[in-house]
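Quick note: the coordinates plus some simple rules give every number you see, no bench work behind them. All of these numbers come straight from a predicted model, not from anything done at the bench. All Cβ positions, even for glycine, are placed from backbone atoms using ideal geometry, and neighbour counts span all protein chains on display.
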Amino acid sequence: MLEYFPEIYPDELLYSVLGRLKCHLGITSPLRLMIDAFGSRALQAGPFVQTNLRGLAANIPPTREITAQQLALDTTLLPYITAYQPQEVRDWAMSAITGNEKRVGGISTYLGVAGGDVRFPGRLRYCPSCRVEMLMQQGELYWRREHQLPGVLVCRTHETPLAESLVTLIHTGSQEYIAADESNCPPSPAPPLWVKSRDVVEILVRTAQASAFLLTAPPPARPLDAWSEEIHNALRDRGFGRGSCWIDLPALREAHLKLFGPIFDIVPEAESGAWLVRTIRKHYKALAPLRHILIRQLIGSVPVVVSANPFGPGPWPCRNQLAEHFGQCVITDCKFHKEKGKIIGVFRCSCGHAFSIAAEEGSRARVLDHGQLFESRLRDLVTTGSRQNIIAEALHVSPNTVKYHVARLGLESSWKIPPSYHKIDPVDREKLCASMRAAWTNAHIAAPTLTRTQLRQQVPSAYEWLRHNDHDWLKMQPPYRAKSALNKPQGNRHSIDAELAESLRREAALLQAQNPPQRVTQNALERALGHRGRLRNLQHLPLSASSLSELLESTEEFQSRRIIWAVEELRRRDQPMTIRRLLALAGLSWKRAPDVKHFLGNMGYTDFL
C-alpha cells in the first residue's frame, strides 16, 4: 500500500496524478510506479482511460476514502466517452476499467477511442492562463481533463487558445506518466492566427463548454435509436423536414457549412461528411460525442419553424386520463399524413396511449390505442364485479367501448354482449402479410410498365403496410428504383468539363475578392462548389485540371497578396505605416520583416523603407 498519494486537483487527469506521484516520491522507473500504485507489472496504461482502478484504489491510503468508481468518474475521460452510449455499455465500461482488466486497448477500441474518425490529441495540451493560476494556487502544474478532449482548442474559462505541450504520447508512451512542469509547458507560446477571428473563437468556446459539461454531467443513458429519433424530430421542427419522414440533407449541409465553415481548417472533424448522414439516420452504433455536440449546436442555432409541423412544436400533451401525466406535454412522437385532403397527426405517448387528430380547429381526437394502463384497469374492475356504467365512468369511455374491449380481451362478465362483438378475431399477421404481398405483386403484373411511384399510387394501403412491416421484402420487388444519376454514364464529358472549369474560375474570383483575403486552395474550392472530393480525380477533365492548377495559390503568392491588402487596409484606416503593424495585419511573423521590406520595395511601396 502507498504511504503517500498526492491531492487530486480540480478536473485533474489520473495520468497527471500518477505523474506527480512519480515526481514526489522520486521514482525513476515507470515499472516501479506500476507495481507500487497498481500492484501489478502486467498492466497496460492509457493516458485517457486507465484500467485496474480497483487495484489502485486499494493501494491508496484508506484515510483518503477514494473508490475506484470515483477515480473513473472524476479523473478519467470515461464520462465523456460513454456520454451517448446505452446503459449496458456504460455498465460494461465501468466494470472493465475498475475491475481486473489488464489491457486498455480492447476497451478503447470497443468504445471508439482508438480507430475512430474522431481522434484524441497526440500531445497533451494546457492553457497558459490556467498555468499562471496553477502556479499561484497549487504551486505546481497539472494536466486538466477538459483540455484533452477532441475538438477542444480553447479554454472555456479564459476563452484563450490552448497550447500543445512538449509531451508527445506517441514518443514517450502512455506508461511514462510525465507530469506537467514549467519545462514542458512553456509560459508564452505563440498564439495561432485564428485567435483574431471572433466568430471562430465563439464556436470553439461553445464546443469546449459542451464538451466539459459531458465530463461532469453526462445525459441520462438512452438506447441508440432514441438519440437518432430526438435529432430527427428536432431537425424537422426547424424546417429541415422533407415529406413525412426524410430530412433535407442538402439544406442541412448548407446550414452546417454556414455555421461551422470557419473552423473546417482548424477542426477537420467538423467538416460535413458521412458522419452527418449517419447522424440523421437510425444509429446502429454510437457516434462520437463531438458529433453530438456539433449537431446540437446546429440545432440550437436554427429557430423552431412553427409551420414545419401543423400541430406546432413539440412536445404535445397526453390525452390519457388514466395516466399521472394527463394534460402534460410529454409526447415527442408525432407523425402526420394527408387523408382526404386533411392533415392527420398520429401521436403516441410513452404510456402506450395513441390517438389521431386532424389539423383543423374543432377536430375531435380519435383513440387508436388505449394502452396497457387501460387494459390493466379494465381487468381489475371486471374481476371485482363492478357495474358497466361505473367501469365506463372510471375509465372515461362509453359503455359500448367497455363492452367492445371486454369481448376483445375475452373477459368473463354478466353483461349482455352484442353478437357483433363476439366476432372480433385477432389479426393473423402471416395472412395479412401474404395478402399485402399478393396485392403488390398482382398490381405489378397487371401494369408492368408502371414505375414504383406510380404503382404505389395504385395500391397505397399495401405499399404503406409493406414499407412499415416488410420493408426488406418490398425493396427487393419490382419495379426497381431508377439508378442514381451519379451512376449513369456521362452524356457529354466535354460540356461537363467546360462547365466545371468555368465554375472553378468563378468561385476562385469570389474567394480572391473576400475581405480579409482568403487563400484559394483545393479544399476552399470544393467547399464553394458544395461537393467535397469533387476535385480529387480530374484525369478525364483536362480543362478543369488545367484551370485548377492555374487558380491554386501557393503560400508565397497568398502572402504577397495579403501584404498588398494589408498596405491598402492601413491606408484606409489612416494608421501609421510601420512594418510591425503591417506584419501583424498580414498574419506574418517578425522574422519575415527583411523579405517583406524587399517585396515592398520591388512593388513601389516606399512608406515602409
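Under 5 Å between amide hydrogens, built in the peptide plane, is the criterion, and for ILE247 it picks out ARG242 among residues at least 5 positions away or on other chains. Computed on segment 268-381, with alpha-carbon pairs under 8 angstrom and 6+ residues apart, the relative contact order is 13 percent.
What ranking do TYR480, TYR126 get, fewest neighbouring Cβ atoms within 10 angstrom at the top? All intermediate terms of the calculation are to be shown ahead of the outcome.
Details: TYR480 10, TYR126 26.
Sorted ascending by nearby Cβ count, the order is TYR480, TYR126.
Each residue in TYR15, TYR463, TYR80 was given a count of other beta-carbon atoms within 10 angstrom of its own, and listing them fewest first yields TYR463, TYR80, TYR15.
Phi angles across segment 448-464 convert, under the Karplus curve 6.51 cos²θ - 1.76 cosθ + 1.60 with θ = phi - 60°, into 3J(HN,Hα) values of x, 7, 6, 6, 5, 5, 5, 5, 5, 6, 6, 10, x, 5, 5, 5, 5 Hz, Gly and Pro given as x. Projecting the Cα atoms of GLN522, GLY261, TRP440 onto the dipole axis of the chain, where Lys and Arg carry +1 and Asp and Glu carry -1 at the beta carbon, places TRP440 farthest toward the positive end. Computed about the Cα centre, the dipole magnitude for segment 224-308 is approximately 160 debye when only Lys and Arg (+1) and Asp and Glu (-1) carry charge, each at its Cβ. Once backbone amide H atoms are built at 1.01 Å from N, ILE343 has ALA359 as its partners under 5 Å, excluding neighbours fewer than 5 places away on the same chain. Whole-Hz Karplus values for segment 325-338 come out as 9, 4, x, 8, 7, 10, 7, 10, 9, 9, 10, 10, 8, 9 Hz, taken residue by residue from phi with 6.51 cos²θ - 1.76 cosθ + 1.60 and θ = phi - 60°; glycine and proline positions read x. As a proxy for reagent exposure, MET134, MET476, MET577 were ordered by neighbouring Cβ count within 10 angstrom, fewest first; the result is MET476, MET577, MET134. Within the same chain, lysines fewer than 8 places from LYS416 are excluded, and of the rest, those with a Cα less than 22 Å from its Cα are LYS403.
Ranking ASN389, THR51, SER95 by how far each Cα lies toward the positive end of the dipole of the chain (charges on Cβ) leaves ASN389 at the top.
Candidate cross-link partners of LYS431 among the aspartates and glutamates, defined by an alpha-carbon separation under 15 Å and a same-chain spacing of 8 or more, comprise ASP470. In the chain, the longest principal axis of the Cα atoms and the axis of helix 128-137 are about 90 degrees apart.
Tell me the angle of helix 87-98 to the major Cα principal axis of the chain, expressed in degrees between 0 and 90 and rounded to the nearest ten. Compared with the principal axis, the helix lies near 40 degrees. Estimated purely from DSSP H runs of n ≥ 4, each contributing -39500 (n - 2.57), the mean residue ellipticity at 222 nm for the chain is -14000 deg cm²/dmol once divided by its residues. Residue by residue, segment 441-447 carries 3J(HN,Hα) couplings of 5, 5, 5, 6, 5, 5, 9 Hz when phi is fed to the Karplus relation 6.51 cos²θ - 1.76 cosθ + 1.60 (θ = phi - 60°); x denotes Gly or Pro.
A cut-off of 5 Å between modelled amide H atoms, ignoring neighbours fewer than 5 places along the same chain, links ILE331 with TRP316, CYS318. Rounded is the label for segment 372-422, because the ratio a/c of its alpha-carbon gyration tensor axes (a ≥ b ≥ c) stays below 1.5. With a ≥ b ≥ c the root eigenvalues of the C-alpha gyration tensor of segment 14-193, is it rounded (a/c under 1.5), prolate (a/b larger than b/c) or oblate? It is oblate, given that a/c is not under 1.5 and a/b is not larger than b/c. Remark: the Cα gyration tensor places segment 429-482 in the prolate category, a/c being 1.5 or greater and a/b exceeding b/c.
Against the empirical curve 2.2 N^0.38 Å, the C-alpha radius of gyration of the chain lands at a ratio of 1.29.
Working ranking of peptides 216-226, 320-330 by packing, defined as the average number of other Cβ atoms within 10 Å per residue, highest first, is 320-330, 216-226.
Could you grab the relative contact order for segment 556-603? Cα pairs under 8 Å, six or more apart, rounded to a whole percent.
On the way: 22 pairs, mean separation 15.6, N = 48.
Reported as a whole number, the value is 32 percent.
Summing Cβ point charges (Lys, Arg +1; Asp, Glu -1) relative to the Cα centre of the chain gives a dipole of roughly 1640 debye.
Percent of Cα pairs in segment 556-603 per distance bin of 5 Å, from zero to the largest separation: 5, 22, 38, 26, 9, 1. Farthest toward the positive end of the dipole of segment 289-353, out of GLY341, CYS329, LEU290, is the Cα of GLY341, where the dipole comes from beta carbon charges about the Cα centre. Take every Cα pair under 8 Å whose residues are at least 6 apart in sequence, average their separation, divide by the length of the chain, and the relative contact order is 7 percent.
Applying a 10 Å radius around every beta-carbon, put 592-603, 367-378, 259-270 in order of their mean neighbour count, most first. Write down the numbers at each step before the final one.
Details: 592-603: 13.9, 367-378: 16.2, 259-270: 18.4.
Packing proxy ranking, top to bottom: 259-270, 367-378, 592-603.
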